[in-house]
1. Quick check on this structure: which one of 162, 176 is touching a Pro at 6+ places or on another chain (Cβ under 8 Å), touching a residue at least 24 places away in the same chain (Cβ under 8 Å), closer than 22 Å to residue 90 by Cβ and open to solvent by 20 Å² or more (accessible area, probe 1.4 Å)?
2. When residues of the range 267-300 are filtered for being in contact with a strand residue (DSSP E or B) (Cβ under 9 Å, 6 or more places away or on another chain), under 20 Å from residue 323 (Cα atoms) and in a loop (DSSP other than H, G, I, E, B), how many remain?
3. How about the range 332-354: which of its residues are within 14 Å of residue 189 (Cβ to Cβ) and either open to solvent by 10 Å² or more (accessible area, probe 1.4 Å) or over 23 Å from the mean Cα position of the chain (by Cα) (or both)?
4. Does residue 206 satisfy the criteria of being of a type in the set (Val, Ile, Thr) and crowded, with 20+ Cβ neighbours inside 10 Å?
5. Of the residues in the range 10-23, how many are over 11 Å from residue 68 (Cα atoms) and open to solvent by 10 Å² or more (accessible area, probe 1.4 Å)?
6. For the list (1) under 20 Å from the mean Cα position of the chain (by Cα); (2) closer than 26 Å to residue 203 by Cα, I need the number of the one condition that residue 145 fails.
7. List the strands (runs of 3 or more DSSP E) that sit entirely inside the range 42-158 and contain at least 1 residues that are open to solvent by less than 50 Å² (accessible area, probe 1.4 Å) and in contact with a His (Cβ under 6 Å, 6 or more places away or on another chain).
8. Anything in the range 322-354 that is assigned to a strand (DSSP E or B) and hydrophobic (A, V, I, L, M, F, W, C)? List them, or say none.
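The values are calculated or read from the model by the stated rules, or taken from the named source; none is laboratory data. Everything numeric in this text was worked out from a predicted model, so none of it was measured. Methodologically, a virtual Cβ is constructed for each residue, glycine included, from the backbone with ideal geometry; neighbour enumeration extends over all protein chains shown. Quick note on the areas: whole protein, heavy atoms, side chains included, nothing else; ligands and nucleic acids left out. Shrake-Rupley method; radii C 1.70, N 1.55, O 1.52, S 1.80 Å.
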Amino acid sequence: MKVHFIAIGGSAMHNLAIALHKKGFQVTGSDDVLFEPSISRLAKHGLLPQENGWYPEKITADLDAVILGMHARADNPELIEAQQKGIRIFSYPEYVYEQSVNKLRVVIGGSHGKTTITSMILHALQAAGKNFDYLVGAQLDGFDTMVQLSDAPLIVIEGDEYLSSPIDRRPKFHLYKANIGVISGIAWDHINVFPTFEDYTRQFDIFINSIENGGVVFYADNDEVLNNVVSANQSAITKTAYKLPEFKVENGITSVLYNLQTYPLLVFGEHNLLNMEAARSVCEALGINAADFYSSMVTFKGAARRLELLGKNEVTNIYKDFAHSPSKLKATISAVKQQFPFRKLVACMELHTFSSLNKDFLKEYAGCMDEADEAIVFIDAQTFAQKKMEPYDAEVVKDAFKNADLLFFDQPQELQRYLERKDLAGKNLLLMSSGNFGGLNLNQLSSDFLIK
C-alpha cells in the first residue's frame, strides 16, 4: 500500500504514519509547519518531509489513499489534486477503521478521562500478555508510539469527539463503529463546532447508536447528563453503569480494596478511580478478571501530563496536568486536596483553547477553582491575537470564575516571577494547561522550588 499524509505533523497523524510505515506501507507526507516531537519521530523513520509546504506533485496516480489531517484547510492544493485525480481520501479515524474492520474495536469516549482510561486498559492488557493494537492521545511508558496497527485481533481506541477532517465534519468517535464503548462523562466542550450544549450531548447519543449490534457501552453512573442520554437512547445494545470502587487514602497513598485485598496505587483522585473502573469493566469483557486487573494497576504511573509529578520533597509536591475544561479543572483540584488534606493548594491554570477563551463559555468556570487555597489564572496575551479574539481583563475572569480573590496574569514572565517568590513549604503546586504557559520551563521551575 502507498499512502500520503496531508498535514503529517499532527499528533495522531505522525503516529499513524509511523505505524503504517512499520506495517510495511510506503508512506509520504507534507506539512506547512512541524514541531517537536513530530520532527524527531518522523526523521527517525525516514518520513520527515524534505521541505515544509504543500506540493501537489506528490499526489501521484499510484497512491492507494490520501489521509487528510484536521490541520489542513479545505482548499489545500494537495487535497484538490487528490480530488481531481479521484484518489480515495480518508480522515485518520476513517483510515484507522479501514485498518481494523476485522478486529474487535474498543472505543473510549467522553469529555474527560479518555486518555487515562485508554492507558489503563493498555497497561492491563500488556500485563496480561494480550495481543492488541491501539490509538491513544499521549505518549505512554512502555509504548514506542501512540498508534499501533498490526495483525492483532483487538484494537483499543481513544475516541475524540472533535471533527474528523476539514471535509468531514463528523466527530471522530462516530467513525470507529465500536464493539465495546465507554463514555466517561459529558461536560460541554468544543464550543466552536458545537455551539449549544444540546448539540454537544447529541454526539454521545449518536456514538451509542454507532456501536455494533451485540455490543456494550459502559458509562459513569455519577454523571446526571450522561445517565439521561443513556436512558433516552433506544439502541438495543447492552448499557452497563460503573461506579467508584471501595478505596482508602492513607499517608498520601490511595488504595483500592477488593475481595479482602489492598492494592496501593501510584495515581489518585476520585476521577481516576472512576477511570479505573471504566478500564476494569472493559478488561473484564476482554477476559481479565478484577484481581488481575487491580494487580496491574499497582504499577500504572498515569498518562503523560495527567497529574504528572514534576517533583517533590518532604513538604511540597508539584504537579502538571492537562486539565483545562471546567469539569477537568474541578476534578483535578479536588483530587490533590483529597490526597493531601493537610496541605494548602496553590492551583494555577491557563486558559488556552478556543472554547475556554470564549467569553460566552467562560461562565462555565464559575466556582470550579473554589477548593484551591490560592487560585491563579493565566492567559498569554499573545493567544488572543493568534486566535483573532478580543482580549479581556482580570475583572472579566474573576467574575466568570466567581472568585474575587483569584489572581490573574497575562505575561508569562510576570507569572514566573510571582511563582518564584512563593514559599511552598507545607503547600502543593498544581499547574494545569493544554498549552505551555507561554513557554515557561515547568521542569526548571519545579527544580528551583525544591532546592530552595
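1. That would be 162, the only listed residue that is touching a Pro at 6+ places or on another chain (Cβ under 8 Å), touching a residue at least 24 places away in the same chain (Cβ under 8 Å), closer than 22 Å to residue 90 by Cβ and open to solvent by 20 Å² or more (accessible area, probe 1.4 Å).
2. Number satisfying all stated conditions: 3.
3. Matches in the range 332-354: 352, 353, 354.
4. The answer is no for residue 206.
5. The number of residues fulfilling the criteria is 5.
6. Only one criterion in (1) under 20 Å from the mean Cα position of the chain (by Cα); (2) closer than 26 Å to residue 203 by Cα is unmet by residue 145, namely (2).
7. 65-68
8. 345, 346, 347, 348, 349
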